[in-house]
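The values are calculated or read from the model by the stated rules, or taken from the named source; none is laboratory data. Not measured: the values here are computed from a predicted model. Here the Cβ is made from the backbone with ideal geometry for all residues, glycine too, and neighbour counts use every protein chain on show.
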């Protein structure tokens with residue numbers, strides 16, 4: 001935050017040193033951040049006014065379930081997206097500093113199941129015989145090994161976890177797929193646009209579109225025509241089941257344009273004319289976190 | 001399996017009594033099933049020929065990360081989908097049988113973070129002051145309370161976990177969103193169609209479609225035209241980032257038709273003519289698990 005007189009309160013999906021924590025600190029600094037144990041806890045904290053913002057993973061997340069975020073966000077329907085933070089996922093192998101000369105004697109490697117899965121090929125090639133132990137988060141694994149200097153154990157986690165718990169990084173970036181970003185969103189009860197520092201030049205807009213009850217084959221095609229002939233580019237589209245029964249879907253659509261663009265206004269009107277229920281979750285900037293600080 | 005002379009070996013995302021276990025047992029029975037700790041472990045077991053099939057969550061999963069399945073499945077590119085199992089997610093509150101008269105004295109409730117999140121509203125209304133403790137799986141929580149008859153603790157998990165660990169169910173179906181299904185897929189190296197017992201009447205086909213390098217605004221609309229004018233209905237569409245850098249996407253498309261339908265053959269040819277790379281992961285039946293057994 002550039003405004004030093006104001007520190008907003010921000011809830012993020014914890015625990016401390018989680019990937020969501022890194023993303024939240026990138027935008028808000030370290031003041032005023034409080035961890036919450038689950039995504040609904042984060043969403044409730046902002047919905048009930050306990051905090052000004054909540055930061056939760058939206059896509060390709062390690063520690064949070066993405067469908068969970070989408071379901072609570074889109075079924076609740078009161079919140080707006082005020083910014084997106086796109087963070088590269090860097091997984092590192094780390095040990096207690098007392099163990100740094102004994103990394104050839106590892107007896108187990110601990111981490112969140114998704115982190116172990118993301119480093120599957122590395123672990124197969126380099127540590128095939130070493131037992132893997134699952135923990136509730138990457139940060140919990142880092143914390144545990146920081147408390148056990150005498151044990152030959154390692155954790156997999158991020159840079160912030162290594163710093164927070166004073167660990168030695170044995171090998172950096174051991175995850176199988178590179179260019180692997182997690183998208184985090186900053187949620188608020190107020191429709192606003194966070195404009196703090198460097199960000200992508202153009203805004204994007206996230207829409208939820210529900211088809212009319214009598215939807216038929218080709219309806220999705222018709223919806224996309226609304227954007228296509230206006231040259232509004234979509235960067236994401238995803239169908240999600242409505243919770244009213246099988247076979248009913250709604251769509252999450254990201255448009256690379258601000259919602260106050262004249263073409264966007266026309267698009268929203270045309271969606272309504274087609275019998276669709278379209279709701280905008282707001283326009284916002286995308287903040288890319290600096291890979292070197294990650 | 002109806003053929004009693006043959007028991008296929010099946011890897012599923014464990015641990016025992018996981019939701020994936022329920023889905024796998026529904027289709028294959030309980031013989032020949034072995035748990036694997038992560039989704040890549042399941043996929044590798046079938047890719048390397050250690051098992052005939054792997055059962056993993058694909059969408060809206062509790063215990064597995066959905067992006068993880070899609071990334072390993074679609075970047076590996078060797079496997080076919082031979083069946084889908086659609087299972088309602090039923091979360092129940094359970095205690096050790098020695099504790100069933102003391103459920104007003106609960107001191108903690110344990111489960112996987114996603115399960116705690118799925119029951120968020122119930123827990124807020126009924127057990128607001130009770131500490132929630134995160135475990136690595138719902139089954140791990142059930143196992144733990146089965147070993148602690150003297151403690152006033154409860155677990156949240158499924159019916160199979162209650163049966164496996166001999167627990168008393170205090171309250172059924174405490175999850176916030178009903179009609180909440182998880183889609184599991186059965187993967188194989190062989191392109192085949194599992195046709196065991198009752199299933200939906202029609203097959204569906206899952207396609208991965210990569211856009212040409214010079215893709216432009218409206219390309220997705222053009223792709224959907226291929227299906228729309230042939231009256232091929234899509235039940236799902238999702239964009240996923242390619243791992244080659246930012247801004248490049250591929251699409252997962254489910255078509256409600258078998259890939260040997262004449263219209264589907266024409267559609268695949270037209271996609272190629274548009275410069276897209278389209279791959280079919282096979283046609284398969286959807287098996288709905290019986291809610292009463294769940």
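Below is a table of values for the structure above.
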| quantity | calculated |
| --- | --- |
| Residue check, residue B:25 over 19 Å from residue B:180 (Cα atoms), in contact with a strand residue (DSSP E or B) (Cβ under 8 Å, 6 or more places away or on another chain) and not in a helix (DSSP H, G or I) | no |
| Count of residues meeting criterion [more than 14 Å from residue B:10 (Cα to Cα) and under 19 Å from the mean Cα position of the chain (by Cα)] in the range B:177-194 | 8 |
| Filter result for residue A:136 (surrounded by fewer than 22 Cβ atoms within 10 Å (Cβ to Cβ) and either in contact with a helix residue (DSSP H, G or I) (Cβ under 8 Å, 6 or more places away or on another chain) or part of a strand (DSSP E or B) (or both)) | yes |
| The range A:124-137, residues that are without any contact (Cβ under 8 Å) to a residue 60 or more places away in the chain and either touching a strand residue (DSSP E or B) at 6+ places or on another chain (Cβ under 7 Å) or facing another protein chain (nearest Cβ under 9 Å) (or both) | A:124, A:127, A:130, A:131, A:132, A:133, A:134, A:135, A:136 |
| Entirely in the range A:170-275, the strands (runs of 3 or more DSSP E) that have 3 or more residues that are within 12 Å of chain B (Cβ to nearest Cβ) | A:181-188, A:234-241, A:249-255 |
| Residue check, residue A:187 surrounded by 19 or more Cβ atoms within 10 Å (Cβ to Cβ) and not assigned by TED's automatic domain parsing to the domain that holds residue A:233 | yes |
| Residue satisfying all of: in the range A:148-169; over 18 Å from residue B:39 (Cβ atoms) and part of a strand (DSSP E or B); farthest from the other protein chains (Cβ to nearest Cβ) among these | A:168 |
| Residue within the range B:139-147 that is more than 12 Å from chain A (Cβ to nearest Cβ), surrounded by fewer than 13 Cβ atoms within 10 Å (Cβ to Cβ), over 25 Å from the mean Cα position of the chain (by Cα) and in a loop (DSSP other than H, G, I, E, B) present | yes |
